[in-house]
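Down below is the structure, laid out as structure tokens.
Every number in this text was worked out from the coordinates using simple rules, so none of it is lab data. Please read these numbers as outputs of a predicted model, since none were measured by experiment. All Cβ positions, glycine included, derive from the backbone under ideal geometry; neighbour counts span all protein chains shown.
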């Protein structure tokens, strides 16, 4: 069999289907079928990234200049400077004085541009700092509110005196946070019965606004005073101590005698012992001659009369009960 006469299994020669009439008709029909040209999509507009970026940059500059201009006007304009202050008088400070303190801030500016009484810069802490720098009697700002564009409303509490401090014959009110809030005339300080006078044996010069470290001594005396009038019956005139770290406390009565206490021991036990000594050991006829009563020892009370040898007179505590 010839190489070019291969047949398929059904007996037809390979390639004979191309000679079939139907297949030839299809080929002729495909040759004359109209063909449409290939169309590629075309952009309707031409975009330029460089022009777009340039426009965005110009817009950013315009916005930045607008923000800077607005900020400069907002921070430097007198429109937002505080012109109205709503505050009430207190016992020692008048509202007109408070207003004048804020008016003085107009001439003081941050970075030479922003007035210190600008509404944006004023808050509760700043107002408290301003008032405390002008008066040591101001304790805290109790309420604060801003009302745009130029008004603030606030109230404050004053330091209340709880004692008097004596330093080198100068007298000061001591407030509840142990700050020297006001200097007092010597005549008033020594004559008033409203407050106990505190002092150190070697006092150092002090100034208004200074804080004292006498809380331990004050608290001990405050505990004594709860029952002092009922048990002792006379007023405390002055309290002295060697220094703030010493446990010794010397309480002088308005009749002149002094009771020696230990602030680290029980105030109640020492006050009870003082009461019993005064009632059972010291005659009323001798009370004016009494110099001191020492309550600092555990088992023995020493007391002394003026002009007599004090160390020789003792009274064991158990003998009092």
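Taking neighbour Cβ counts within 10 Å as the exposure measure, how do 243, 150 sort from fewest upward?
Numbers: 243 10, 150 17.
Lowest count first: 243, 150.
Can you tell me the order of 151-158, 173-180 when each peptide is scored by its average per-residue count of other Cβ atoms within 10 angstrom, highest first? Walk me through the intermediate numbers first.
On the way: 151-158: 16.5, 173-180: 19.1.
Order by mean packing, descending: 173-180, 151-158.
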**OP:** Kindly list the residues of segment 145-176 that lie in the label zone of residue 191, defined by a backbone N under 16 Å from the point 7 Å along the Cα-to-C-beta vector.
**Re:** 171
Original post:
How long is the gain from residue 255 to residue 60 if the chain were fully straight, where each residue apart is worth 0.36 nm and the alpha carbon distance is subtracted?
Top reply: 61.8 nm
Original post:
Where a ≥ b ≥ c are the square roots of the eigenvalues of the C-alpha gyration tensor, would you call segment 161-320 rounded, which needs a/c under 1.5, or, failing that, prolate if a/b is larger than b/c, or oblate?
Top reply: prolate
Original post:
What is the extension gain from residue 268 to residue 126, computed as 0.36 nm multiplied by their sequence separation minus the C-alpha to C-alpha distance, in nm to one decimal?
Top reply: 46.6 nm
Subject >> Beta bridge orientation in segment 161-320: antiparallel %, DSSP, nearest 5 >> reply: 75 percent
Original post:
Rounded to the nearest 0.05, what FRET efficiency do residue 83 and residue 286 have when you use their Cβ-Cβ distance and R0 = 45 Å?
Top reply: 0.05
Original post:
R0 = 51 Å: FRET efficiency of residue 216 with residue 151, Cβ-based, nearest 0.05?
Top reply: 0.65
Subject >> Mean-position separation - Cα centroids, segment 237-312 and segment 144-186, in angstrom >> reply: 34 Å
